[in-house]
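The values are calculated or read from the model by the stated rules, or taken from the named source; none is laboratory data. These figures come from a predicted structure and were not determined experimentally. Glycine also receives a Cβ, built like all others from the backbone with ideal geometry; neighbour counts cover every protein chain displayed. Heavy atoms of the whole protein, side chains included, go into the accessibility calculation; ligands, DNA and RNA do not. Shrake-Rupley method; radii C 1.70, N 1.55, O 1.52, S 1.80 Å.
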Amino acid sequence: MATHDVDWDLYRTFLAVLQTGSLSAAARQLNLSQPTVGRHVEALEQAAGFPLFTRSQSGLQPTEAALTLKPYAESMAATAAALARATSASPGAVEGTVRISASEIVAVEVLPPILAKLGETHPKLEIELSASDAVEDLLHRQADIALRMTEPVQTALVVRHLGDIPIGFFAHRDYLVRRGTPQSLADLAKHDVIGYDRNLAYVRDVMRNFPGVALPRFHFRADSNTAQLAMLRAGCGIGLCQRQLGLRDPNLVEILEGTLPIRLPVWAAMHENLRNTPRCRAAFDALVEGMLQYVRSL
């Protein structure tokens, strides 16, 4: 069998095994039997002419050849999902599936009421929400619409800058009672500070504007902004937070106001080919309207 004649189902199974690391886990993900998954992998290996996995104590390990195939399989998966969304609506109708990508904190803390209103207005719309700080590729249709904290640089996109969200230092009232209130950035060295454990793209972009400022050592670290906010609300220490979120929580207090004037830009983007697709246009317009209200709420 030539590789160009291989059934897409084999590549889908291959990708699931790559992602999960075992035949059994891939079978559960795909709702298939484990023997079926095994046969799919064997059939793809026969078509390709080389092994794709080796067995180890920790599960199936992809070969170098498998890792070479991975981005193509991911692209096929994204295209298949986009095709399914595109065929989920009747022509001209605001119905079917729209996939939206947004950062964790925006997806969890900001979008729910916006999406609720969108659902009331267009009850036949189905929303897939990808809550991740990873930048999903709009050109390859990993998402239909994206809300991003860095300016999209890809061409062939409809892009709108929605404004800048101010960021402030916040702490729980109980923490400040226990530890006192810092009066300067230097005072943060005496406090427990909540921060990230890896430097995300938008963090680098923001801090590039403050070359002379060094953030304090973090006592609590998480690669999830949602987890950082949860620790802030639990009184673990002092952390950066979107001012709109911090000020609406009666238990959080803003400190060092204006000391570090960070603002987080927000962009809405979608592929230009979706501009006149009713389901995507309706969702895009609703997201823009809702996020503009949020950004301007201070």
*Counting only residues that are touching a Pro at 6+ places or on another chain (Cβ under 8 Å) and open to solvent by 20 Å² or more (accessible area, probe 1.4 Å), which one in the stretch 262-279 is farthest from S103 (Cα to Cα)?*
R263
*Which of the residues spanning the stretch 108-139 are closer than 29 Å to R233 by Cα, at pLDDT 90 or above and assigned to a loop (DSSP other than H, G, I, E, B)?*
V110
*Is one or more of the residues making up the stretch 162-179 at pLDDT below 85, more than 14 Å from the chain's Cα centre (by Cα) and over 30 Å from G290 (Cα atoms)?*
no
_Answer from S75, S22 - the residue that is under 30 Å from A283 (Cβ atoms) and either out of contact with any Phe, Trp or Tyr (no Cβ under 8 Å at 6 or more places or on another chain) or not charged (D, E, K, R) (or both)_ = S75
_Just to check your reading of the model, which residue among A283, A222, A227, A234 is under 30 Å from T155 (Cα atoms), surrounded by 14 or more Cβ atoms within 10 Å (Cβ to Cβ) and either modelled with pLDDT of 85 or more or acidic (D, E) (or both)?_
A283
_Enumerated strands (runs of 3 or more DSSP E) restricted to the stretch 3-107, each holding at least 1 residues that are open to solvent by less than 60 Å² (accessible area, probe 1.4 Å) and more than 30 Å from N276 (Cβ to Cβ)_ = 53-56, 59-62
*Residue check, A201 within 30 Å of A84 (Cα to Cα), surrounded by fewer than 18 Cβ atoms within 10 Å (Cβ to Cβ) and either modelled with pLDDT under 90 or among the small types (G, A, S) (or both)*: no
_Identity of the residue in the stretch 240-253, more than 15 Å from L264 (Cα to Cα), touching a helix residue (DSSP H, G or I) at 6+ places or on another chain (Cβ under 9 Å) and not β-branched (V, I, T), that ends up surrounded by the most Cβ atoms within 10 Å (Cβ to Cβ)_ = L252
*Would you point out which residue out of V158, V206 is at pLDDT below 90 and in a helix (DSSP H, G or I)?*
V206
